[in-house]
Amino acid sequence: MPKKIYSTRTKSKVAAKYRMMSYGFVSGTMNKEGVGVRFYALESGECAAPFKLTRFHEGHKMLAHGGVTAAILDETMGYSSHVYEYINKLPNLFVFTGTATYEYLIPVPIEKDMLALARVEEGEDRVRHIYGEIIDENGLIYVRSKAVYVTAKPSEEKNANIDVGMLPLEEGDPEEM
């Protein structure tokens, strides 16, 4: 039995949410087999993404496919770069995964509320070192990742920066995560 590792983070107030994409697998609203994740910016500087997987995301009997959980963490880590920009009042730039490693500690169950979290640990020039994890309601870590993301070269052209669609919170949105 693998040793249980718990997240050391503390809950944080939700500052804003991001607009959802159309057909993306992780956050697409039009993709019927997608995960439908909503991303939130937390005052702590983290990006939080609550989700619950279904049988469409199964890799083994009632367990999530590792590629699905990696995709959720990858996108959450990418959005954490935008939270970093939001908190530090920087322009939103396209960000690309340079390298990423995933450590699967416990198989992720389907049909269970889970939370993906990510934060920029270090940002220098166009390179961002990002940490992410998937946890349950008790803070038990199922998957964790360290990655290096690279921002696109800033452009002097008008409207060249990405509009990540920061939206105000509405009734029904979580207050903290």
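The values are calculated or read from the model by the stated rules, or taken from the named source; none is laboratory data. Computed from a prediction, not measured in an experiment: that's the story for all the values here. For neighbour counting, all protein chains shown are included, and Cβ atoms are generated from backbone atoms with ideal geometry for every residue, glycine included.
The residues in region 69-93 that are out of contact with any Cys (no Cβ under 6 Å at 6 or more places or on another chain), over 16 Å from Ile135 (Cβ atoms) and crowded, with 16+ Cβ neighbours inside 10 Å can be counted, and the count is 12. Gly36 meets the conditions (1) of a type outside the set (Asp, Glu); (2) surrounded by fewer than 16 Cβ atoms within 10 Å (Cβ to Cβ); (3) under 20 Å from Pro174 (Cβ atoms) in every case but one. The failed one is (2).
Considered as a group, the residues in region 105-114 that are within 16 Å of the chain's Cα centre (by Cα) and buried (at least 16 other Cβ atoms within 10 Å of the Cβ) include one that is nearest to Leu42 (Cα to Cα), and that residue is Met114. When region 115-136 is limited to residues that are closer than 21 Å to Lys4 by Cα and of a type in the set (Val, Ile, Thr), the one that is surrounded by the most Cβ atoms within 10 Å (Cβ to Cβ) turns out to be Ile134. Of all residues in region 1-21, those that are in contact with a Phe, Trp or Tyr (Cβ under 9 Å, 6 or more places away or on another chain) and among the aromatic types (Phe, Trp, Tyr) total 1.
Residue-by-condition table, conditions (1) modelled with pLDDT under 95; (2) polar (S, T, N, Q); (3) part of a strand (DSSP E or B):
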| site | (1), (2), (3) |
| --- | --- |
| Leu117 | no, no, yes |
| Gly123 | yes, no, yes |
| Ser145 | no, yes, yes |
| Asn159 | yes, yes, no |
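Of all residues in region 1-24, those satisfying the criterion of being assigned to a loop (DSSP other than H, G, I, E, B) and β-branched (Val, Ile, Thr) are Ile5, Thr8, Thr10.
For the list (1) within 18 Å of Arg119 (Cβ to Cβ); (2) touching a Pro at 6+ places or on another chain (Cβ under 8 Å), I need the number of the one condition that Ile72 fails. That leaves (2) as the condition not met. Restricting attention to region 29-43, does a residue exist that is in contact with a Pro (Cβ under 6 Å, 6 or more places away or on another chain), among the β-branched types (Val, Ile, Thr) and closer than 16 Å to Ala116 by Cβ? Looking through region 29-43, none of the residues is in contact with a Pro (Cβ under 6 Å, 6 or more places away or on another chain), among the β-branched types (Val, Ile, Thr) and closer than 16 Å to Ala116 by Cβ. Filtering region 26-51 to residues that are part of a loop (DSSP other than H, G, I, E, B), touching a residue at least 40 places away in the same chain (Cβ under 8 Å) and within 13 Å of the chain's Cα centre (by Cα) leaves Val26, Ser27, Val37, Phe39, Gly45, Glu46.
Taken together, Arg55, Arg9 contain a single residue that is of a type in the set (Lys, Arg) and either touching a Lys or Arg at 6+ places or on another chain (Cβ under 9 Å) or surrounded by 14 or more Cβ atoms within 10 Å (Cβ to Cβ) (or both), which is Arg9. Considering each residue of region 75-110, count those that are charged (D, E, K, R), in contact with a Lys or Arg (Cβ under 9 Å, 6 or more places away or on another chain) and within 21 Å of Ser27 (Cβ to Cβ), and give that number. Counting residues in region 75-110 that are charged (D, E, K, R), in contact with a Lys or Arg (Cβ under 9 Å, 6 or more places away or on another chain) and within 21 Å of Ser27 (Cβ to Cβ) gives 0.
Do we find a residue being at pLDDT 95 or above, closer than 20 Å to Ile110 by Cα and not polar (S, T, N, Q) anywhere in region 6-29? Yes: region 6-29 contains one or more residues that are at pLDDT 95 or above, closer than 20 Å to Ile110 by Cα and not polar (S, T, N, Q).
Somewhere in region 61-80, is a residue among the charged types (D, E, K, R), part of a strand (DSSP E or B) and farther than 24 Å from Ala15 by Cβ? Within region 61-80, none of the residues are among the charged types (D, E, K, R), part of a strand (DSSP E or B) and farther than 24 Å from Ala15 by Cβ.
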